[in-house]
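The values are calculated or read from the model by the stated rules, or taken from the named source; none is laboratory data. It should be emphasised that the depicted structure is a prediction, and the values quoted were computed from it without experimental measurement. Methodologically, a virtual Cβ is constructed for each residue, glycine included, from the backbone with ideal geometry; neighbour enumeration extends over all protein chains shown. Side chains included, ligands, DNA and RNA excluded: accessible areas come from the protein's heavy atoms. Shrake-Rupley method; radii C 1.70, N 1.55, O 1.52, S 1.80 Å.
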Amino acid sequence: MSELDNLRSELMAAVDSAAGLDDLEKIRVSALGKKGRITELMKGLGAMDPDVRKQAGQILNAIKGEVAEAIEAKKQGSANSELDARLATETLDVSLPVRPAREGLVHPISQTIDEVVAILGELGLSVAEGPDIEDDWHNFTALNIPPDHPARQEHDTFYLPGRGGDENEDDRLVLRTHTSPVQIRTMMNSEPPIRIIVPGRTYRCDYDATHSPMFHQVEGLVIDENTHMGHLKGCIIDFCRAFFGVDDLPVRFRPSYFPFTEPSAEVDIGCTREGGEFRIGHGDDWLEILGCGMVNTKVLENCNIDSSRYQGFAFGIGIERMAMLKYGIPDLRTFYESDLRWLRHYGFSALRVPSMVGGL
Ligand code: DAH
């Protein structure tokens, strides 16, 4: 028993004179660790006489508790004094000027979408959305592009297995190749009059200086009882002039073909290309910027809209192309390279929200 008493005094003295956290940990391991002195003594209890074992057991348990407690208390004290020492040597100069925060910038794609939405919003159209993963019917068939239609080949579609697996072509899914399927979703889910714009991501398997596998479009759709081609032309001309900031910008409607519109047109704006210099505005050249037309009666009927009562127009604008033209960005691939130097050059202040009144 006196041996145990000595052990107790020895351990408590060691804890008392320990110099820091490392020292304390060493003492803890040597006394209470798996092979520590107290642990070993406890293992030896089994071989003792029952009476002695009981007494020695109690004393050992008491020593164990006492030493553990002393180590914990000393650890706390050491941690505090180590922190005090650090605080005393490290200094913090609160009088230093604040480091200027780098301002975040709006990407030209977001800026262009905001501008298009601001202009067309002013004309009474509101934003609608649809899924990026579409089914064949919304992306093609309902838009009057049946399975064997050549327009399907032009779209370089990314196909995904349908719900029925890889084999079943009828229910396969696609990454939407244009924003036009949202026309279908809106007509299926609401009653005319309809006036929507649909900005969003679109996908085609194509990659070069003017094509990217993911790009952006804005779709427009207006359906009402008396909507006619004059409304389409007025809307598009106003839009082009506001977007490019040229009041008398020449705008030309050239007959074209889209399966979902009849008649269809492609829209060109006036420009000059002289000696490698390119300018939007008056000039002797034309530049194609969007597709449009009067919604094909077949599309209205596919969406259960009475085509003898309602008619309307639609258009599709490529966002990257508009941004490249307006802001002089030569290579479409740079939009997606996430190069901060590029963004610092072409980006826009987040605090200047585009609007028709405040400026685009
Ligand atoms: N969806 C067409 C495309 O991606 C663009 C387009 C053309 C949309 C004419 C329209 C439209 O709504 O009327 O090539």
All other residues with a Cβ under 11 Å from the Cβ of Met42 taken together, and with Lys, Arg as +1 and Asp, Glu as -1, what is their net charge? +3
Taking every other residue with Cβ under 14 Å from the Cβ of Leu290 and scoring Lys and Arg +1, Asp and Glu -1, one gets 0
Among rounded, prolate and oblate, which fits the stretch 217-331 when a ≥ b ≥ c are the square roots of the eigenvalues of its C-alpha gyration tensor, a/c under 1.5 means rounded, and a/b larger than b/c means prolate? prolate
Cβ-derived FRET efficiency at R0 51 Å, Trp137 paired with Glu25, nearest 0.05: 0.15
Using the C-alpha gyration tensor of the stretch 2-89, what are the square roots of 5 times its eigenvalues, in whole angstrom, with the largest one first? 32, 11, 9
Return the distance in nm (one decimal) between the two label points of a simple spin-label model at Asp248 and Ala79, each offset 7 Å from Cα along Cα→Cβ. 7.9 nm
Kirkwood Rh and Cα Rg combined as Rg over Rh, evaluated for the chain: 1.41
Inter-part distance where the stretch 318-360 and the stretch 245-289 are each reduced to a Cα centre, Å: 21 Å
Give me the one-decimal nm value for the distance between modelled label points at Trp342 and Asp51, 7 Å along each residue's Cα-to-Cβ direction. 9.1 nm
In debye, nearest 20: dipole of the chain around its Cα centre with unit charges on the Cβ of K, R (+) and D, E (-)? 980 debye
What is the percent carbon and sulfur in the accessible area of the chain, measuring with a 1.4 Å probe over the protein chains and ignoring ligands? 52 percent
Taking each pair of distinct Cα atoms in the stretch 1-149 once, what is the resulting Kirkwood hydrodynamic radius in Å? 23.6 Å
Counting only heavy atoms of the protein chains, get the accessible area per residue of the chain (1.4 Å probe) and round it to a whole Å² value. 57 Å²
Can you tell me the length gained on complete extension of the stretch Ser126 to Asp285, counting 0.36 nm per residue apart and subtracting the Cα distance? 53.9 nm
Over 16 Å apart: what share of the alpha carbon pairs of the stretch 1-47 falls there, rounded to a whole percent? 42 percent
Accessible surface ranking that places the most exposed of Phe313, Phe215, Phe278 first, with a 1.4 angstrom probe: Phe278, Phe215, Phe313
Beta carbons within 10 angstrom, averaged per residue: use that to sort the peptides 175-185, 260-270, 130-140, highest first. 175-185, 260-270, 130-140
Environment charge at Gln311 (Cβ cut-off 13 Å; Lys +1, Arg +1, Asp -1, Glu -1): -3
Percent relative contact order for the chain, counting Cα pairs under 8 Å at least six residues apart, stands at 16 percent
Can you tell which of Val357, Ser30, Val98 lies farthest toward the positive end of the dipole of the chain, using +1 and -1 charges on the Cβ of basic and acidic side chains (Lys, Arg; Asp, Glu)? Ser30
Compare the peptides 37-48, 65-76 by average per-residue count of other Cβ atoms within 10 angstrom and give them in order, highest first. 65-76, 37-48
I'd like to compare 147-155, 118-126: which one has the highest average count of other Cβ atoms within 10 Å, and what's the full order after that? 118-126, 147-155
If one computes the Cα centroid of the stretch 165-224 and of the stretch 290-304, what distance in Å separates the two points? 14 Å
With r defined as the distance between the Cβ atoms of Leu351 and Leu87 and R0 fixed at 41 Å, what FRET efficiency is calculated, to the nearest 0.05? 0.55
Tilt relative to the chain, helix 108-122 - C-alpha long axis, 0 to 90 degrees, to 10: 50 degrees
